[in-house]
Amino acid sequence: MATPVKDIKKSKETINLKETKETIHKGKKDKTNYIIKTVLNAFELLEAFKGDKSELGVSELSKILKLHKNKIFRLLATLEYKGYIEQDPFTENYRLGLKSLELGQSFIHHLRLLSIAEPVLKALVNNVKESAYVGVIREKNVIYLDIIEADQVLKVASRVGNMLPIYATAIGKCQVAFESRDAIEKLLPSELKPYTKNTITDKNKLYEELEKVKKQGYAVDNEELDSGIICIGVPLRDYTDHIIGGISISAPLIRTTKERLDNIIIPMTLAAAKTISAKLGYEIKKKIEENKNDESL
């Protein structure tokens, strides 16, 4: 077991205000003078393992964080001691440990959305025989909060925590379609990067697509992110009538006929989203508004 890192002098731990002011959310009390540099480095080290970087060596981490290898090793030793990092005995590279997983899962499983959506999505997956996802918008991406995989040999694989571009995914488009033009513009990158030949890279065409999504109530990702994959996304609303997330079904095109899409996948995904939204209070909100309108007549 690695030994814990020795204490570092306080004078070396405090970051200057100018170095950190951009990382502090607006409206919060200014606490930049209290930020500890070593702790900040430890969090940035953990964040280096996101995406496809499941394992990293000391040299790689040194380049990513722009820190000396000795400092990286000391950070790793401390995080390994607490169980947030573990070392592969064969490759000697490092990866996230069980403590990191436990911490992430405790946050995710406390979200009311997931506890409500999970049983509905399990039933949906059982009916359509394809994988289902729950995702929310964070900055300019969609992040998967939960995935219910289909019992298929050939299936669309992803993982919780994956961040994907809003404009190239059904689960992203179905959520932003109901926003104002200004709000949508803020959620899009300056240039729409093509992921496949079907990715919409022209913003005017994307806005036309989003208008269509708004009218029909669901979005389609027709090989726009991954070739050979089609997805259907439907927004989720709560009692405030706000869109708080979305669900989607992803399927290989090889077994997705237009008939199956129109008669099974789309209507069942819409029904699942309606059920989840109702459990979040959306239908109750609608009925209250309808009753108010009736009384005013």
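Beyond a 19 Å Cα-Cα separation, which of these cross-linked pairs lie in this structure: Lys173/Lys203; Lys122/Lys274; Lys31/Lys140; Lys50/Lys140; Lys37/Lys69?
Beyond 19 Å between Cα atoms: Lys31/Lys140.
Using modelled amide H (1.01 Å from N, peptide plane; none on Pro or chain starts), what sits under 5 Å from the amide H of Val142, excluding residues fewer than 5 places away?
Those qualifying (amide H under 5 Å, at least 5 residues apart or on another chain) are Leu164, Ile166.
How high is the relative contact order of region 111-288, in percent, with contacts defined as C-alpha pairs under 8 Å that are six or more residues apart?
23 percent
Going by how many other beta carbons lie within 10 Å of each one, how would you line up Leu40, Leu101, fewest first?
Details: Leu40 15, Leu101 12.
With the sparsest Cβ surroundings first, the list reads Leu101, Leu40.
Residues of region 175-201 with backbone nitrogen within less than 14 Å of a virtual label 7 Å along the Cα-to-Cβ line of Glu208, please, listed as ranges.
Taking a point 7 Å out along Cα→Cβ of Glu208, the residues of region 175-201 whose backbone N falls under 14 Å are 200-201.
What does the charge count around Asp202 come to, taking other residues whose C-beta lies under 13 Å from its C-beta (Lys +1, Arg +1, Asp -1, Glu -1)?
Residues near Asp202 contribute -1 overall.
Please give, to one decimal in nm, the separation of the simple spin-label points placed at Asp52 and Lys69, each 7 Å out from Cα toward the Cβ.
2.6 nm
Given a cut-off of under 8 Å on Cα pairs at least six residues apart, what relative contact order in percent is computed for region 24-100?
It rounds to 25 percent for region 24-100.
For region 59-66, what does the Karplus curve 6.51 cos²θ - 1.76 cosθ + 1.60, with θ = phi - 60°, yield as ³J(HN,Hα) per residue in whole Hz, taken in order and with x for Gly and Pro?
5, 4, 5, 4, 5, 5, 8, 6
Can you work out the FRET efficiency for the pair Ser227 and Phe43, with r the C-beta to C-beta distance and R0 = 25 Å, to the nearest 0.05?
0.10
Rule-based calculations on the coordinates, nothing more; no lab input. These figures come from a predicted structure and were not determined experimentally. Note that each Cβ is placed from the backbone with ideal geometry, even for glycine, and that neighbours are counted across all protein chains shown.
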